[in-house]
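Single-structure report; data block below.
The values are calculated or read from the model by the stated rules, or taken from the named source; none is laboratory data. In this text the structure is predicted, and so the values were computed from the model without any measurement. All Cβ positions, even for glycine, are placed from backbone atoms using ideal geometry, and neighbour counts span all protein chains on display. Surface accessibility is based on the protein's heavy atoms, side chains included, excluding ligands, DNA and RNA. Shrake-Rupley method; radii C 1.70, N 1.55, O 1.52, S 1.80 Å.
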Amino acid sequence: MAKTVTDLLLETLEELGKDDLKRFKWKLKEIKVENQYNNIPWGKLETARPVDVTKELLNYYGEHYRVEVTIQVLRSIHRRDLADRLTKATQADVINLELESVTPRNPEPGETDGSNLEQESNVQQMPASFKSGLAVFHIPVV
């Protein structure tokens, strides 16, 4: 099973030694972030362990931007090795997710994949006159 982005971030932060983790948190609190985001306050970072920092990265920066912020901070504390590895790992993960989302599995007639039960039940409840011109789109949620 492929690792999640959270797993990759946690593993990366756990590889930092005590001093590097402290420098990472110090830089993280002051790094310039995009306008719609706020820095994580030092009070949440000062005694935080890697798992806590990983959680705060998600809370403050969301699923995708947290990776960019982490890579930027790793580079600023001269841990380019970890930054490069995280970049490669998350790019491979994004590629795998994109391939899964564009490679649809064609269900057998009458079979559903369970991902859109609510829409399918709504369609089944519609009068036949509405169903004839109805197009159903399956949009993967990432």
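Before moving on, here are some points about what is shown:
- Of everything in the range 7-48 that is of a type in the set (Val, Ile, Thr) and within 17 Å of residue 79 (Cβ to Cβ), the residue that is modelled with the highest pLDDT is 12.
- Qualifying residue in the range 6-27 (condition: open to solvent by less than 100 Å² (accessible area, probe 1.4 Å) and over 23 Å from residue 84 (Cβ atoms)): no
- Residue pairs whose Cβ atoms lie under 8 Å apart, separated by 6 or more positions or on different chains, with the first residue in the range 49-72 and at pLDDT below 95 and the second of a type in the set (D, E, K, R) and not in a helix (DSSP H, G or I), are 65/34.
- Filtering the range 4-36 to residues that are under 16 Å from the mean Cα position of the chain (by Cα) and in a loop (DSSP other than H, G, I, E, B) leaves only 4.
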